[in-house]
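Quick notes on the structure that follows.
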There are 2 protein chains.
Amino acid sequence: KAVDFEALDYDNIENELHIEEERKMTYSDWKWIQLQRWIVCMMIGISTGLIAVVINITIMQLMDLKMAVVEEAIIRCVKDRCLYVPLLLWIAMNVGIVSIAALLTVFVAPVAGGSGIPQIKCFLNGVKVPDVVRLKSLFVKVVGVVCSVSGGLAVGKEGPMIHSGAVLAAGISQGRSITFRLKTRFFKHFRNDREKRDFVCAGAAAGVSAAFGAPVGGVLFSLEEAASFWNQALTWRIFLCSILSSYTLNLCMSIYHHHPGDMAYPGLINFGKFSGTYEGFELPVFFVMGVFGGLSGAAFIAINHKITVYRIKYLTARFIKVIEVLIVSAISATIAFVMIYLNTDCKPLGEDPNVELQFMCNDGQYNTMGTLFFTTPEEGVKSLFHDQLGSIQPATIIMFVVPYFFLSCWTYGLQVPSGLFIPSLLIGAAWGRLVGICMNAICPDCDWTQDMSKYALIGAAAQLGGTVRMTISLTVILIEATGNITYSLPLMTVLLVAKWVGDLFNKGIYDMHVHLARVPILEWEPPPLSTNIHAREVMGKPAVTLKEVSLVSDVCSVLSDPRNCHSGYPVTDSEGKFRGLVLRTQLLILLKHKTFVERSAPGERLKLSVFRDTYPRYFPLSIVNVSSEEEQCHIDLRPYLNPAPYTVYEHASLPKIFHLFRALGLRHLVVLNDDFKVVGIVTRKDIWKWG
Amino acid sequence: KAVDFEALDYDNIENELHIEEERKMTYSDWKWIQLQRWIVCMMIGISTGLIAVVINITIMQLMDLKMAVVEEAIIRCVKDRCLYVPLLLWIAMNVGIVSIAALLTVFVAPVAGGSGIPQIKCFLNGVKVPDVVRLKSLFVKVVGVVCSVSGGLAVGKEGPMIHSGAVLAAGISQGRSITFRLKTRFFKHFRNDREKRDFVCAGAAAGVSAAFGAPVGGVLFSLEEAASFWNQALTWRIFLCSILSSYTLNLCMSIYHHHPGDMAYPGLINFGKFSGTYEGFELPVFFVMGVFGGLSGAAFIAINHKITVYRIKYLTARFIKVIEVLIVSAISATIAFVMIYLNTDCKPLGEDPNVELQFMCNDGQYNTMGTLFFTTPEEGVKSLFHDQLGSIQPATIIMFVVPYFFLSCWTYGLQVPSGLFIPSLLIGAAWGRLVGICMNAICPDCDWTQDMSKYALIGAAAQLGGTVRMTISLTVILIEATGNITYSLPLMTVLLVAKWVGDLFNKGIYDMHVHLARVPILEWEPPPLSTNIHAREVMGKPAVTLKEVSLVSDVCSVLSDPRNCHSGYPVTDSEGKFRGLVLRTQLLILLKHKTFVERSAPGERLKLSVFRDTYPRYFPLSIVNVSSEEEQCHIDLRPYLNPAPYTVYEHASLPKIFHLFRALGLRHLVVLNDDFKVVGIVTRKDIWKWG
Ligand SMILES: Nc1ncnc2c1ncn2[C@@H]1O[C@H](COP(=O)(O)OP(=O)(O)OP(=O)(O)O)[C@@H](O)[C@H]1O
Ligand SMILES: Nc1ncnc2c1ncn2[C@@H]1O[C@H](COP(=O)(O)OP(=O)(O)OP(=O)(O)O)[C@@H](O)[C@H]1O
Ligand SMILES: [Mg+2]
Ligand SMILES: [Mg+2]
């Protein structure tokens, strides 16, 4: 299964064509390319912001519509004792909306399922997950997330923004679209994996920024995952992209809400203002909450792990995947309805919540469970954060949080676009508020137990930290999303503790999914105590090599042999000494253009633009027709090969190789002996097997 | 001059001794080492926090004392018309206090002069600035910064904290002190450059954290400067260290202020609460302020550049350096006094400022210039941020900011510990407030022109951003230091703009100082259009090499030849093929212990602990006595050499080499030809020359 994933190549091919191009370049050409990078980043930022606007507004409209219909039916049926009507209506509408998301995801772009964060992690780590940055994935992601959120699933719309930003970045930076057959002469220098990955970093950051109103958090997220070395200019560009994304979203939303210029909408989520403070002696309480968050997150992951394994094993047929989504959707609606029905806690109207569903309550009252179940999860989080002490009963919270925990656990990993942040925050805010209520019960008159938002926030952070286990980027994202820095120290403490505790049991949820998909991503550090393992044991051998001037038939036979279906081949001279590395894709292009020594004028070479134009989707060998006469011709690889790729000596240790791969983003590492002959080749998967 | 700086070696020596040690290690030994890393980081964090407490309290006490004496003299002399008495008293006290700082710095540890940030930047970049992480530097730094701040120089106490944290980290992580002849058996695994640099990262982060109450900003500062690849576990440890440092400071300060448990003292600076907001249409104003900040910062740097060049050329004698400090100190006091004297703006007592100097004002009034000049710069910043509109006249601000600009420009680079953050913030807050006053004059009744703190904050950020040009870390530091996230978007915008504008004219001030000191630090990216430059042109050649089994006399002659005074020598076998790299320090130790083939049992080898114990201060060759008989012995280098260091082929391009050096933190890179023979060696300085 790991064979499906190709690696990205972060190393530059410095062949004769490139050097020639560079020699012709003046300093101002170079400056112009730099400037283009900034322009592309600005475009990415703005368009990511616009996508966020579209998602946000569509969801709001759809939700309003849906809720209005259901509420109207409820009001009518409470009197007429026909409560099954709104229930069925609710289920039907949810299933209907969600089915769009499920069908699109399953049949058009399966990679758009889930939050997209694991896939983007993989991409930034250097693995090409098929289709992940294609335009159709973006389309499915955007439509899908709108449907799955409005369809009442226990999902958020934030995670998918990151994927959307990444796709936009990959698209815009190439200056053309293959799907739309659009082609411009701009940005041709950016048509390679290295540049693309940098832009995808920017896009992911812009996505985080728009999702959470967290420009700095977005930059950190990208850097943390991309993990190649920190380049200041790149960081600064990513930062600009993030900021613009947040500004764009803010501007559009402020116009939409008829307050143009108001700076209150930097992100898709908005947790409202936190005004309280905390005391030093509360830290132990927060610490314990961190521990609980770690435990609860680990439990979430463990259950989701079981479900995911089951899915991978048994739910393989496409239609079954769709049906699972529909079942979950129907159950979600039913549970929500039943819980609202069972809840007998009514409060007088006109207090804080903005969702006031009367249901079976007396006139002038509303059902408190409605504020949690009869809204988007974002509104639920907001209620739990900010509603006054006593406006939601502990029993109501428990009746909400327990089924919601299992529901969201089941939901994550369904074949629909779905974010995990908001459900985690919702679960955490719920039990955090419970803690707050307990504290208040213990000391009803203390100053510091009056403010529920503090406990809800810490609980939310603990739960999220225990589930996703991101590090410093998450801290910053949370601080920026809550728009409050007073709680930064406790938030940090809680996130640290939750991660520690959670890590005792299992990996973070994204890592778990990456692991189950068997994507060969590289960890942060080489496997412990592996200095004793040498290149010779790690490498693939014997290496399939080509000669500097090869017979076409040899090239064809190497390329067509399924056992040799590698992406790069070391090139040797007549004595067998290593002379460079040529990529499979280059060979295909050379064959297709019949760049044979016998057929071309001396010194004639294929243009660089031919290579660039074919990137990133190459053709199979089968479309290349080589006549038997041509098979006797020769190909001169010397102008095209990478003459000095990174190599190691056969005695190099695994940690050394690991650091090379990780820090430089390599795809191939040729292993040489002390005669400068190729003895093997190390790829990402070879290292990954030792992890 | 660049020859003075040795490089740090971030690459592990994986020789036989290490592999043997690792083979004996169990997984739980390995876990224990990991745990020790966490413990060391915790110790670093806590002790950095404590140092901050000491600095903070001492300065407060000294300032109170000094101000009380001067104020008393002023009050007495305003009546008696003997104003020269307090002036002379003030000058005498300042010069007296500052002379301690100057003498210590000049005669004990010149490296403790200035803010220390450039030196730490260099260290993290991979250059060993002599003495920078020694205990005596810490001592001078701490005493010096207390004296220079209390002595009324235009300096802050924040920058030096970063250096202090770094020294503490280097000291604690080694588990021993050479100065104090203290030696423990702990942490012996950390006695090498690689581990030490990681801990110094943590120390620097803890320093930032304590200085600005900015744990996240601290982590980012370290990562940005260290720029080796982002390792999650390391980041997380650095983060813990940062948080603990801030907690420790907070706890101690809250006890000192008799509010134990109050969380209001996370950093040395405290800018108070910002409560305002801003409107979207104000962004253009902020943008212009960013441009101005960039210009003003560039001017600051240009002037400071001239002064620094003059200093390097002419002020070389030690006593002149001390005298310069004393002169600046006297002038600072005089200017402050004269400005307070000239200022005729008096305000009724009892409004916001906490410094209420009556001077020549009527009873019940105070001199507004006193709030700026008669305090620490921190208090000045606070006044400019928070005093009400109208409490300080524009004329007063101008009379303050112009001389202060030049004063702080002259002061930075004096041979005393001195931070630049606070003076920059003070200048920026001053002109920012002027902008605010202008805005208010333009539209006196607008809501959004009532709040001066907004403009002062943006101005401060712009000035600081234009001067130091740090990127994302600075943004986070400012956000955390102001404890306000509402302004994060405008702050980011302003910092971006200020950096862009400033970069049009010159480099950031720290980079400028690093450049003038001719420290070979590596930039973020390889020089543009350099693919055409190959290893052969970059490397030092011919390489001085040694044989695997060398004659002692050969080794001695290589080591003693001043032209060959290199830190590493490639080792070759009898055929001349490359076999590994041995360090000068290793050779010295082998010679000193007379590890000669003829003198030792077969298979006997020097212990790893001998190498570790000698780190980091090695002896010169002169103390090694080799008799003429011993000169005919042989040394077997094979167990000690690094058998597979990173190497490149002679055709590798400069960008490739650059990326290797930068991403892996190399010190030596051996260049091989296609016979696996050594043709040269690339070191940091070779690359730096092309920068
Ligand atoms: N030119 C080659 N000759 C021999 N073995 C190779 C060659 N290239 C790769 N391999 C080996 O083939 C195995 C499959 O690895 P992998 O799929 O990563 O290679 P790839 O297909 O060339 O790279 P990618 O995954 O980037 O497409 C690995 O063990 C690797 O060492
Ligand atoms: N073993 C060697 N043989 C020949 N030249 C060398 C050798 N080592 C270093 N050089 C060259 O000496 C010059 C001085 O460089 P540098 O001072 O960086 O070397 P170094 O002293 O070995 O390293 P460091 O600065 O880390 O102490 C460089 O041009 C470098 O290429
Ligand atoms: Mg493959
Ligand atoms: Mg040297």
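Values in this text are rule-based calculations from the coordinates and carry no lab data. Keep in mind that this is a model prediction, so the values were computed, not measured. As a convention, Cβ positions derive from the backbone with ideal geometry for all residues, glycine included, and neighbour counts pool all protein chains shown.
Helix-only arithmetic for chain A: the sum of -39500 (n - 2.57) across DSSP H runs with n ≥ 4, divided by the residue total, places the mean residue ellipticity at 222 nm at -19000 deg cm²/dmol. Annotation: amide H-H contacts under 5 Å for B:T572 (H modelled 1.01 Å from N, sequence separation of 5 or more, or interchain): B:L546, B:K547, B:E548, B:R579.
Given in Å, the Rg to one decimal and the Dmax to the nearest whole number for the Cα atoms of the stretch A:2-256 are 21.3, 83. Here the gap between A:S622 and A:L504, fully extended at 0.36 nm per residue and compared with their Cα-Cα distance, gives a gain of 37.4 nm. With the cut-off at under 17 Å, measuring from each backbone N in the stretch B:170-191 to a point 7 Å along the Cα-to-Cβ line of B:K24 picks out B:185-191.
Take the Cα of B:L35, go 7 Å toward its beta carbon, and the backbone nitrogen atoms of the stretch B:179-213 under 19 Å from that spot belong to B:185-190. A Förster radius of 51 Å combined with the Cβ-Cβ distance from B:I327 to A:D363 puts the calculated FRET efficiency at roughly 0.05. Placing +1 on the Cβ of every Lys and Arg and -1 on the Cβ of every Asp and Glu, with no other charges, gives the stretch B:280-516 a dipole of roughly 1200 debye about its Cα centre. In a reduced charge model with +1 at each Lys and Arg Cβ and -1 at each Asp and Glu Cβ, chain A shows a dipole moment near 1620 debye about its Cα centre. Share of antiparallel DSSP beta bridges in the stretch A:535-688, in percent to the nearest 5? Antiparallel bridges: around 75 percent, rounded to the nearest 5. For A:L608, inter-copy separations between label points set 7 Å beyond Cα along the Cβ vector come to 4.8 nm, shortest first. Using all pairs of distinct alpha-carbon atoms, the Kirkwood hydrodynamic radius of the stretch B:572-691 works out to 16.5 angstrom. Taking every Cα-Cα distance in the stretch B:1-105 and sorting them into 10 Å bins from zero, the calculated P(r) comes out as 11, 18, 19, 17, 13, 11, 7, 4, 0 percent. Both radii are taken from the alpha-carbon atoms of the protein assembly as shown; with Rh as the Kirkwood radius, Rg/Rh is 0.98. Taking K and R as +1 and D and E as -1, what net charge do the other residues with C-beta under 11 Å from the C-beta of A:E6 add up to? After counting each charged neighbour, the total is +2. Taken about its Cα centre, the stretch A:518-557 carries a charge dipole of roughly 120 debye when the Cβ of each Lys and Arg holds +1 and the Cβ of each Asp and Glu holds -1. Label-point spacing at A:F107 relative to the other copies reads 8.8 nm, in ascending order, each point sitting 7 Å out from Cα along Cα→Cβ. Ordered by the count of other Cβ atoms within 10 Å of each Cβ, fewest first, B:C346, A:C443 give A:C443, B:C346. Copy-to-copy label distances for A:C438, where each label lies 7 Å from Cα along Cα-to-Cβ, are 5.8 nm in order of increasing length. Which FRET efficiency value, to the nearest 0.05, do you get for A:K273 and B:L516 by plugging their Cβ-Cβ distance into 1/(1 + (r/R0)^6) with R0 = 51 Å? Once the sixth-power term is evaluated, E becomes 0.60. For B:V69 and B:I178, the FRET efficiency from 1/(1 + (r/R0)^6), where r spans their Cβ atoms and R0 equals 45 Å, is about 0.60.
Scanning chain B for cysteines with no neighbouring cysteine C-beta under 4.7 angstrom from their C-beta gives B:C122, B:C147, B:C201, B:C252, B:C409, B:C438, B:C556, B:C565, B:C633.
Listing B:D80, A:D131 from fewest to most neighbouring C-beta atoms within 10 Å gives B:D80, A:D131. Listed by chain and number, the lysines placed with their C-alpha closer than 21 angstrom to that of B:K454 are A:K273, B:K273, B:K382, B:K499; residues fewer than eight positions away on the same chain are left out.
From Cα pairs below 8 angstrom and at least 6 apart in sequence, can you work out the relative contact order of chain B, rounded to a whole percent? Relative contact order, chain B: 17 percent. Just list whichever of A:K188/A:K656; A:K128/A:K689; A:K121/A:K607 have alpha carbons separated by over 25 Å in the model shown. Where the Cα-Cα span goes over 25 Å, the pairs concerned are A:K188/A:K656; A:K121/A:K607.
Considering the rotation that superimposes chain A on chain B, the residue of A whose beta-carbon lies nearest the axis, and that distance in Å, is A:A663, 2. Projecting the Cα atoms of A:V325, A:I533, B:F505 onto the charge dipole of the protein assembly as shown (Cβ charges, centred on the Cα centre) puts A:I533 farthest toward the positive pole.
Look at B:I312, B:I301 and count the other Cβ atoms within 10 Å of each Cβ; fewest to most, that gives B:I312, B:I301.
Which percent, to the nearest 5, of DSSP beta bridges fully inside the protein assembly as shown are antiparallel? Roughly 80 percent of the beta bridges in the protein assembly as shown run antiparallel, per DSSP.
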